[in-house]
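A short write-up of the structure that comes next.
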Amino acid sequence: MEALVAAARKAPWPCAAEVDGAIYLNESPLRHAEMVALENLEGVGHTMRVTAEPCPMCMAAIVWSGKVERVEYGTSIPRLIELGHWQSSIRAADVINSFAPRRTIELVQVGPELTDALYRR
Ligand SMILES: [Zn+2]
């Protein structure tokens, strides 16, 4: 998570995603780091590490892609909102669980003590 946080600190919007050692940043309001990562991924079974819990757009795209089996995120959506960031309150787990038939994607919070600092204003 340290390398991700360092990359995100240099970006205009402090959000970054990492898959297989490659780091991706937000490029626009629609091209979040996770979306950019997905466009660059080949194959299946990847772990995606992100500085914040994926928003509903990104989490749905992660499920639709079929390329990612595990997501590790730092700062949670409730924490982003608490810190004053404009964000949908729909949690990533709720997006995953809304698909039928269900596709299992492991969702784990890792290192919020490192990433929360990115989002403090
Ligand atoms: Zn997103």
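The values are calculated or read from the model by the stated rules, or taken from the named source; none is laboratory data. None of the values given here were measured: they were computed from a predicted structure. Here the Cβ positions follow ideal geometry from the backbone for every residue, glycine too, while neighbour counts run over all protein chains shown. The protein model used for the area step is the full one, side chains on, heavy atoms only, and it has no ligands, DNA or RNA in it. Shrake-Rupley method; radii C 1.70, N 1.55, O 1.52, S 1.80 Å.
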Exercise for the section: Tell me which of these ARG49 doesn't satisfy, since it passes every other one: (1) within 15 Å of the ligand (Cβ to nearest atom); (2) open to solvent by 20 Å² or more (accessible area, probe 1.4 Å); (3) without any contact (Cβ under 8 Å) to a residue 60 or more places away in the chain. Expected result: (3)
Exercise for the section: Answer yes or no: is there a residue in the range 72-79 that is within 13 Å of the ligand (Cβ to nearest atom), surrounded by fewer than 17 Cβ atoms within 10 Å (Cβ to Cβ) and among the hydrophobic types (A, V, I, L, M, F, W, C). Expected result: no
Handout entry: Of the criteria (1) of a type outside the set (A, V, I, L, M, F, W, C); (2) away from the ligand (no atom under 16 Å from the Cβ); (3) modelled with pLDDT under 95, which one ASN97 fails
Key = (3)
Exercise for the section: Could you tell me which of the residues ALA60, ALA37 is of a type outside the set (Ser, Thr, Tyr), within 13 Å of the ligand (Cβ to nearest atom) and surrounded by 18 or more Cβ atoms within 10 Å (Cβ to Cβ)? Expected result: ALA37
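Filter the range 100-111 for residues that are touching a helix residue (DSSP H, G or I) at 6+ places or on another chain (Cβ under 7 Å) and modelled with pLDDT of 95 or more; which is least open to solvent (accessible area, probe 1.4 Å)?
Restricting attention to the range 100-111, the residues satisfying the condition of being touching a helix residue (DSSP H, G or I) at 6+ places or on another chain (Cβ under 7 Å) are 103, 105, 107.
Then drop every residue that is not modelled with pLDDT of 95 or more, which leaves 105, 107.
Details: ILE105: 15, LEU107: 52 Å².
Here the answer is ILE105.
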